[in-house]
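Q: Questions regarding the structure given below will be posed in turn.
The values are calculated or read from the model by the stated rules, or taken from the named source; none is laboratory data. Everything numeric in this text was worked out from a predicted model, so none of it was measured. When we count neighbours, we look across all protein chains shown, and the Cβ atoms used for this are built from the backbone with ideal geometry, even at glycine. Ligands, DNA and RNA are excluded from the accessible area calculation, which covers all protein heavy atoms including side chains. Shrake-Rupley method; radii C 1.70, N 1.55, O 1.52, S 1.80 Å.
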Amino acid sequence: MRVIFRARNVVGASRSPFSGTVQTFLWPGEWWEAEVTLPPLKRADAEVWITFLLSLRGQAGSFLLWDPSAKSPLTDGTWPPGGAGFIAQGTSVAGNTTIETSFFGASGAVNIEPGSYFQVGPIAGDNWPRLHKILTVPETADSFGNALMDIFPALRFTPPAGTSLITTNPQGTFMLAENQTQWDVDAAMTYGISFKAVEDLRNL
């Protein structure tokens, strides 16, 4: 399987025809996109995927998707097992591109590293898991064990204080990017299947 992930931002840009200088404006829209290409499949295995894709009925359905190479966070080797190493604090609100986390009162070095994914949800008010990537982290947490992290994309909802942030097998909710499903079959009766997906933002 081959998965291409894209991080999409909405940025307005205007270039002066006189000086060539550019002004930009960052709009709040940002989301995940993906392209999935499956390895060549024989019919029995291919039909599992075909029927799944057809059951979505184009963009009406939704499904979970994740980075297959990122089943655990990047750490310095001392991350707690089970993927429940940190929780959201009450200052983390919908629309923020930062999230404040607590390491269960353990101040000192922050052992999760940029590039790690985490999942928020499902929780009351948003039953769909949301996938985020950590962009920057401080070297140390404060005296209460709290640390502020830059993330992508912005928070989709306000996680209640104490919400566990899942770092083991984190997933996000996606939908098909198109209303058609297609596959091909070659002379060896081998199926080729690929599809495009986009983060599902319908219930925000």
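Q: Do we have any residue at all in the range 6-22 that's hydrophobic (A, V, I, L, M, F, W, C), surrounded by 14 or more Cβ atoms within 10 Å (Cβ to Cβ) and under 30 Å from residue 184 (Cα atoms)? Explain how you work it out, then say what you get.
A: Filtering the range 6-22 for residues hydrophobic (A, V, I, L, M, F, W, C) gives 7, 10-11, 13, 18, 22.
Filter once more, so that each one left must be surrounded by 14 or more Cβ atoms within 10 Å (Cβ to Cβ): none.
No, the range 6-22 has no match at all.
Q: Return the only residue of 68, 39 being under 18 Å from the mean Cα position of the chain (by Cα), in a loop (DSSP other than H, G, I, E, B) and modelled with pLDDT of 90 or more. Break it down into steps so the answer makes sense when it comes.
A: Values: 39 fails: under 18 Å from the mean Cα position of the chain (by Cα).
The unique qualifying residue is 68.
Here's the yes/no breakdown for (1) under 30 Å from residue 201 (Cβ atoms); (2) among the charged types (D, E, K, R):
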{"site": "1", "(1), (2)": "yes, no"}
{"site": "7", "(1), (2)": "yes, no"}
{"site": "14", "(1), (2)": "yes, no"}
{"site": "21", "(1), (2)": "no, no"}
{"site": "25", "(1), (2)": "yes, no"}
{"site": "28", "(1), (2)": "yes, no"}
{"site": "31", "(1), (2)": "yes, no"}
{"site": "37", "(1), (2)": "yes, no"}
{"site": "43", "(1), (2)": "no, yes"}
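Q: Could you say whether any residue in the range 26-46 is open to solvent by less than 30 Å² (accessible area, probe 1.4 Å), of a type outside the set (D, E, K, R) and without any contact (Cβ under 8 Å) to a residue 60 or more places away in the chain?
A: yes
Q: Condition (residue is open to solvent by less than 40 Å² (accessible area, probe 1.4 Å), closer than 15 Å to residue 91 by Cβ and at pLDDT 90 or above) applied to the range 159-177: is it met by at least one residue?
A: Taking every residue of the range 159-177 in turn, none turns out to be open to solvent by less than 40 Å² (accessible area, probe 1.4 Å), closer than 15 Å to residue 91 by Cβ and at pLDDT 90 or above.
Q: Something else now. When residue 193 is evaluated against the numbered criteria (1) open to solvent by 50 Å² or more (accessible area, probe 1.4 Å); (2) touching a strand residue (DSSP E or B) at 6+ places or on another chain (Cβ under 6 Å); (3) of a type in the set (A, V, I, L, M), which criterion, by number, is the only one it fails?
A: So the condition that residue 193 fails would be (1).
Q: Which count do you get for residues in the range 121-155 that are closer than 17 Å to residue 63 by Cα, open to solvent by 10 Å² or more (accessible area, probe 1.4 Å) and modelled with pLDDT of 80 or more?
A: 3
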